[in-house]
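First the structure, in the form of structure tokens, and then the observations on it.
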């Protein structure tokens, strides 16, 4: 009997060791997977229990976590909700996060790997753990000017520092109140979200960088002109035929200039005049002349079809894949299947303004840990060099002429050389227009590149978009 | 200190004299026990206070009075041991007390979250049940002065055990909870008679096997290098297997079936020394379980929830892996050292006070706490096994091994289920989990082990069998 009891005792020991092993596997080895599982609400509660880092603009808080007396110890609060909604995004209770809140969640919640030492330090010194703070590149005055200038118009404004790529303003209208989505009552949040989602004006979409994208219309002529000049195929005084009506190849469609007449009185028109007066027919001819490959190459150098994170994902602007001859001509004045984000057009102006060097757009200036050490400093990065210094000098001059005595006259600022280009894109028969302005100021030492888009206008880019852009540029120059 | 009361109650001079003698004789084991009990009390009372500090931020002392009363009752049990079993093992009572107290603290922690007070609070009911259980345990110690009396009543006890096991199947009083038909209800009281049945069955198995082991030891044919029993001796194991299968099928409870059958197999092995019995038994049980899994969805569900727990479909299914996975999340949250008493969120897991009390403790006390609890169980069972080694009669030895093994097997089935070592089944964790039947049964086991351990040192050395 002794032998048997010995063996049973060994079995008992093995059983207890097995339990110790299985619990060790869970608590020591599988712990990361288990904590990261989306169904683990403890992780969610924890992400609320630690104070989430604030988001700042120019040293002022625009989003912060305020202590509340509930299971989730902090409530995310947005101080200028409508103004910054499309920048901050929203932070919900397990219903997904967007904008900076979504993209920099690890830093804000303090769970990013490079914050490990800071967290450890906080634990050892008895401070409560806190997420990193995120300072944005946005300039509050410019953002406010942009929002005020855009008013009730649906559309977007993007302002960049052409020398660094820092985003100075990013406004998308209509906006929403992210506080509604940050509440702790999930039912209310879902109701508010569904209401926003079903709103036909799509307030949740950041029109500056995402959404269905816009036809660029005449502002795309900047890309075409840049391609024509920089490739050496044409010069600014190169001429093309100047008819009042042009039959598209292999098609019944005819195209006309916006003024319904010829582009100036002459038999032939120069590239420079065609850009200044913004004529469609000459650009259709230029597009056909330089060909689809050159055009696409330059579009891609400016950022079309390229992935970009600012850190939010920017929807890539589109130059059509295989345009036929007619589509190529239409695309050369920004119609057909060319579709862009306002940020993309601001990037085109910024590259021209910055001597042909395109800086990577960025929204985050610094990420600072709880101990105030900088985790991620902002370092300007070159995105590409789409055109040469010479080409940029020529284009700058043409764009300044466009504002001074061309189609973009409403972009003028007294005493400052402003470069600009307007656009009035058609969206099909009976559909409202897309009104554009993109440009930079001052021409000799560019401080700002801007793109403005206004939806559903029944007017012209110069009448509606240019004055908005002017106010945004003034806000930068007055700083 | 208790002497005057006892003298007042018992005025027979002979008994008084004996009591005086007992109390004055230095009882080394009991003094050790007293010191260990003070440790257990300190652990239990500080656990309750820490729960309040962690969950509420202040010590409200809600249960303090009850708990001190419970400590006093344990001291009464200690005195009872001094009088009725002075040489009993000194570790069993302190371990049972400590585990019981940790359980109350874990249950109280959930009550605080639920805002349950008074009789609505599971912790208050648990304290009351503990008092009842300890009182019954003392009664067992007083009534059963010699465990061999149980040998005489083995068949009566065996039939009682069988009746208890089948009671929940009787319409009218039996009812199902969480899919398992294991409860009976009489008036406002509900009880799980199966918990008591395991003691009765252990007594019966010990008695029956000591009597019949000679014939069960005789081997028949040799198959694959192992000697198997004769066909005519297969009766008992087949009856036990059929009973286990009946529990599995009619009461829909894999854990209980495994517990009873495992108990029977181990006792059969210890009595006969034949590994072939164990192999046959395991094969029979595995075959039955596989068959049951194919025939009954509730059994199959347990297996799929175990093997593919993180599959979203199984996670969402009714009777799926939701509880298992949430329990794992809780344990992961606890990590190595736990969140601390009252500072985790064990209430997120269903049945955090009963079936999942181990996950609750794991979350707040961490792996370190779980190891300590497992070590307490190991120590408890080791004390029981010691009786098996040192016992003077085979019935007592077999009974001690059976009773200790059934405790550790139950811990294995529950904790193994929670930690995904084996499929999850609904059993209570001995001494820890909320539930009166379980407490009463396990305190009776403790009382029997105490009685048996006392016999080793004081009883006459009767040798039965080889």
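Each peptide among A:344-353, B:45-54 gets the average number of other Cβ atoms lying within 10 Å of its residues, and from highest to lowest they stand as A:344-353, B:45-54. Relative to the longest principal Cα axis of chain A, at what angle does helix A:342-353 sit, 0 to 90 degrees, rounded to 10? Helix A:342-353 and the main axis of chain A meet at about 60 degrees.
Subtracting the Cα-Cα distance of residue A:191 and residue A:258 from their residue separation scaled by 0.36 nm leaves 19.5 nm.
Placing a label point 7 Å from the Cα of residue B:162 along the Cα-to-Cβ direction, the residues of segment B:228-261 with a backbone N closer than 16 Å are B:235-247, B:261. Secondary structure note: in the protein assembly as shown, about 95% of the DSSP beta bridges are antiparallel. Here residue A:479 and residue B:303 are evaluated by their C-beta separation; at R0 = 51 Å the FRET efficiency comes out at 0.15. Neighbour counts of other Cβ atoms within 10 Å put B:443, B:277 in the fewest-to-most order B:277, B:443. Label-to-label distance, residue A:68 versus residue B:64, with points set 7 angstrom from Cα along the beta-carbon direction: 3.5 nm.
The mean count of C-beta atoms from other chains within 10 Å of the C-beta of residues in A:26-39, rounded to a whole number, is 6.
Sorting B:375-382, B:69-76 by their mean Cβ neighbour count within 10 Å, with the most densely packed peptide first, gives B:375-382, B:69-76.
Cα centroid separation, segment B:323-359 to segment B:108-170: 26 Å. Shape class of segment B:331-406 from the Cα gyration tensor (axes a ≥ b ≥ c, square roots of the eigenvalues): prolate, since a/c reaches 1.5 or more and a/b is larger than b/c. If you take the Cα centroid of segment A:355-425 and the Cα centroid of segment A:269-290, the two points sit 24 Å apart.
Neighbouring Cβ atoms from other chains, within 10 Å of the Cβ of residues in B:418-427, number 3 on average.
With an a/c value of 1.5 or above and a/b not larger than b/c for the gyration tensor axes a ≥ b ≥ c computed over the alpha-carbon atoms, segment A:164-214 is described as oblate. Compute the acute angle (0 to 90°) between the alpha-carbon long axis of helix A:2-24 and the principal axis of greatest extent of the alpha-carbon atoms of chain A; round to the nearest 10°. With both axes taken from Cα atoms, the answer is about 30 degrees.
Average partner chain C-beta neighbours within 10 Å, per residue of B:146-157? Working shown, then result.
Values: counts 0, 0, 0, 0, 0, 0, 0, 0, 0, 0, 0, 0.
Mean shielding by partner chains, rounded to a whole number: 0.
You can think of it this way: the chain between residue A:144 and residue A:267 has 39.6 nm of extra reach, that is 0.36 nm per residue less the Cα-Cα gap.
Length gained on full extension, residue B:145 to residue B:39: 35.3 nm, using 0.36 nm per residue less the C-alpha separation. Each part reduced to its alpha carbon centroid, segment A:131-157 and segment B:380-438 end up 68 Å apart.
Would you please give the FRET efficiency between residue A:29 and residue B:313, computed as 1/(1 + (r/R0)^6) with r the Cβ-Cβ distance and R0 = 30 Å, to the nearest 0.05? Can you show the working numbers first?
Numbers: r = 26 Å, r/R0 = 0.86.
For residue A:29 and residue B:313, the calculated efficiency is 0.70.
Among B:199, A:413, the order by Cβ neighbours within 10 angstrom, fewest to most, reads A:413, B:199.
Contact order, relative form, for chain A: 16 percent (alpha carbon pairs under 8 Å, 6 or more residues apart, mean separation divided by residue count).
As a calculated quantity, the FRET efficiency between residue B:16 and residue B:457 at R0 = 25 Å, using C-beta atoms, amounts to about 0.55. The helix-only estimate of mean residue ellipticity at 222 nm for chain A, built from DSSP H runs of length n ≥ 4 each weighted as -39500 (n - 2.57), is -11500 deg cm²/dmol after division by the residue total.
Which shape class, rounded, prolate or oblate, goes with chain B when its Cα gyration tensor gives a ≥ b ≥ c as root eigenvalues, a/c under 1.5 marks rounded, and past that a/b bigger than b/c marks prolate?
Values: a/c = 1.81, a/b = 1.02, b/c = 1.77.
Oblate, because a/c is 1.5 or more while a/b does not exceed b/c.
Taking other Cβ atoms within 10 Å as a rough exposure proxy, B:261, B:153 sort from fewest to most as B:153, B:261. Here the label points at residue A:397 and residue A:409, each 7 Å from Cα along the C-beta direction, are separated by 2.4 nm in the simple model.
No value in this document is a laboratory result; all are computed from the given coordinates. Since we're looking at a predicted model, the values are computed, not measured. FYI the Cβ positions are ideal-geometry reconstructions off the backbone, even for glycines, and counts take in every protein chain you see.
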